[in-house]
Amino acid sequence: MAKPPSFLWVITLFILPLKLTFSKPELVTTPPLPILPLPTYSQLKWQQREIIMFHHFGVNTFTDSEWGTGKENPAIFIPTGLNANQWVDTAVQAGVSLTILTAKHHDGFCLWPSKYTDHSVIGSPWKNGHGDVVQELVNAAKARGVDIGLYLSPWDRHDRRYGRNKEYNEYYLAQLQELLNNYGSVREIWFDGAKGSNAPNMSYYFNDWFSMVNELQSTINIFSDAGPGVRWVGNENGFAGSTCWSTINRTSLSIGNGSIVDYLNTGDPRGTDWLPAECDVSIRTGWFWHKTQSPKKLSKLLEIYYNSVGRNCVLLLNVPPNTTGLISETDVHRLKEFKGAIDTIFSTNLAEKCSIKASSQRGGKNGGFGPKNVIDNDHLWTYWAPNDEDKEDHWIELRATNEKLKFNVVRIQEAIGLGQRIKRHEIYVDGARVASGTTVGYKKLHRLEKGVLHGYSLKIKIMGSKGIPLISSVGLHFDPFWHPNELVA
Ligand code: FUL
């Protein structure tokens, strides 16, 4: 019979290795401190959407106008073939995860059966007055895993309470409560600052409105010229400033103030509020559908994409349903092309095949902040961080492992969860400067003016930054749609 193992053997074979394994957990380097202000959870989610869809729909669709008078008869609203599933399918095909509907535009006509007015779908023959466009969109979106947002125009040309501060604010708040209580989760609410020059004087009780919104919806972002969740970019062309900070001073902002558009466009490096910009633009000339208009060319949409998403913003692209209640086929087709083009450009990242080095790395070789982090799939929480001690001269270099790299787009992303930092940067290919820029933020896209470049190495130098720069992603892409010498119409 074999001898039973001695006590000493048991300790050596089983207990010691256990102790060795468990007593020395591997400690990793801590992340650097953030630089305030920071985004909220909902603002980060919003930023990652990149493209949001907007639907302008209402009586204007049937009167061929942009700003209704408020005197329209609800009976003209007859979208006989309305199918919100088709709207949301269009959004999904375009890679969009949030779609915003004009529940009420300036004409005051409500797309849902509000209890506080008869100027709504209730007065329309569509579904014998039992229709509810907001509900139709909510149902279609829910079935497809898409989120919804709502636009409720403060300026109301129909309601007689408009101009009487207390009465109208009560009315507006009552409608806000209807929309935010009865349709499930709403991810964005749009407070439009637009108002006709001859409209009656009116004080909007924004503080009451914003407080009510936050009380009723926990993951919503409030859009207005001045936030507090998302700011207007200052124009309706879909173009952010080439410098674009997500930070700004809210105390310098007010809603409906034409003198702040440049400030809104660029933001403020000294801003104490995190308030990123949304670029609203329509796929057509107008916001509402008009028979005579057609969608913008693919090249124009791509230019808008580079100047919005590629400048640290979210693109809010309006796609208006027609009088049938459908997104026109021409628009559906153009959106497919647009999404196809974005996929073609960005699905291949030549940086993934490169060897990468950097000026320094936080925590040394195994600190977890090495330059390889810029080619993984996490564009927020894994990043390259240089040493705290290195105050300047930060760079990251990608080098081809065999043949030359061929690209015309450089993508840089910052780990904005720890604040927006980069103020100035330059890009070099094989030692020659090919591009320079200012802010980076969530995403900076350089569509190179020189066209397609061939080279072995690409170096990004950070020339100015608040604290150390934190780069979460770098991409080298080839855009076959980019012909820098051809002018975009
Ligand atoms: C503007 C409005 O006046 C337009 O009609 C449109 O709704 C656009 C998004 O905002 O301020």
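The values are calculated or read from the model by the stated rules, or taken from the named source; none is laboratory data. In this text, all values refer to a predicted model and were calculated from it rather than measured experimentally. Glycine gets a Cβ as well: all are built from the backbone with ideal geometry, and neighbour counts include every protein chain shown.
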Evaluation of residue 305 against (1) away from the ligand (no atom under 16 Å from the Cβ); (2) under 17 Å from residue 244 (Cβ atoms); (3) touching a Ser or Thr at 6+ places or on another chain (Cβ under 7 Å) (one fails), failing number: (3)
Within the stretch 447-489, can you find the residues that are β-branched (Val, Ile, Thr), over 30 Å from residue 285 (Cα atoms) and not in a strand (DSSP E or B)? 452, 468
How many of the residues making up the stretch 288-297 are out of contact with any helix residue (DSSP H, G or I) (no Cβ under 8 Å at 6 or more places or on another chain) and either part of a strand (DSSP E or B) or within 16 Å of the ligand (Cβ to nearest atom) (or both)? 2
Step by step: first the residues of the stretch 96-118, then only those that are away from the ligand (no atom under 13 Å from the Cβ) and among the hydroxyl-bearing types (Ser, Thr, Tyr), then the one that is farthest from residue 60 (Cα to Cα). Which residue is that? 97
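I need the full set of residues from the stretch 126-158 which are part of a helix (DSSP H, G or I) and either among the acidic types (Asp, Glu) or modelled with pLDDT under 95 (or both), in order please.
The answer is 136, and nothing else.
So that you can scan it fast, the table gives a plain yes or no per residue for (1) over 17 Å from residue 467 (Cβ atoms); (2) touching a helix residue (DSSP H, G or I) at 6+ places or on another chain (Cβ under 6 Å); (3) among the aromatic types (Phe, Trp, Tyr):
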{"site": "371", "(1), (2), (3)": "yes, no, no"}
{"site": "395", "(1), (2), (3)": "no, no, yes"}
{"site": "403", "(1), (2), (3)": "yes, no, no"}
{"site": "437", "(1), (2), (3)": "yes, no, no"}
{"site": "440", "(1), (2), (3)": "no, no, no"}
{"site": "445", "(1), (2), (3)": "yes, yes, no"}
Determine if the stretch 162-182 includes at least one residue that is part of a strand (DSSP E or B) and within 14 Å of residue 104 (Cβ to Cβ). no
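Listed here are the residues, each with its yes/no results for (1) more than 26 Å from residue 55 (Cβ to Cβ); (2) of a type in the set (S, T, N, Q); (3) surrounded by fewer than 23 Cβ atoms within 10 Å (Cβ to Cβ).
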| position | (1), (2), (3) |
| --- | --- |
| 260 | yes, no, yes |
| 267 | yes, no, no |
| 273 | yes, no, yes |
| 279 | no, no, no |
| 287 | no, no, yes |
Count - residues of the stretch 181-203 that are of a type in the set (Gly, Ala, Ser), more than 16 Å from the ligand (Cβ to nearest atom) and without any contact (Cβ under 8 Å) to a residue 40 or more places away in the chain: 2
Check whether at least one residue in the stretch 130-138 is surrounded by 21 or more Cβ atoms within 10 Å (Cβ to Cβ), within 16 Å of the ligand (Cβ to nearest atom) and acidic (Asp, Glu), and report yes or no. no
A careful count of residues in the stretch 158-205 that are of a type in the set (S, T, N, Q) and over 19 Å from residue 132 (Cβ atoms) gives 6
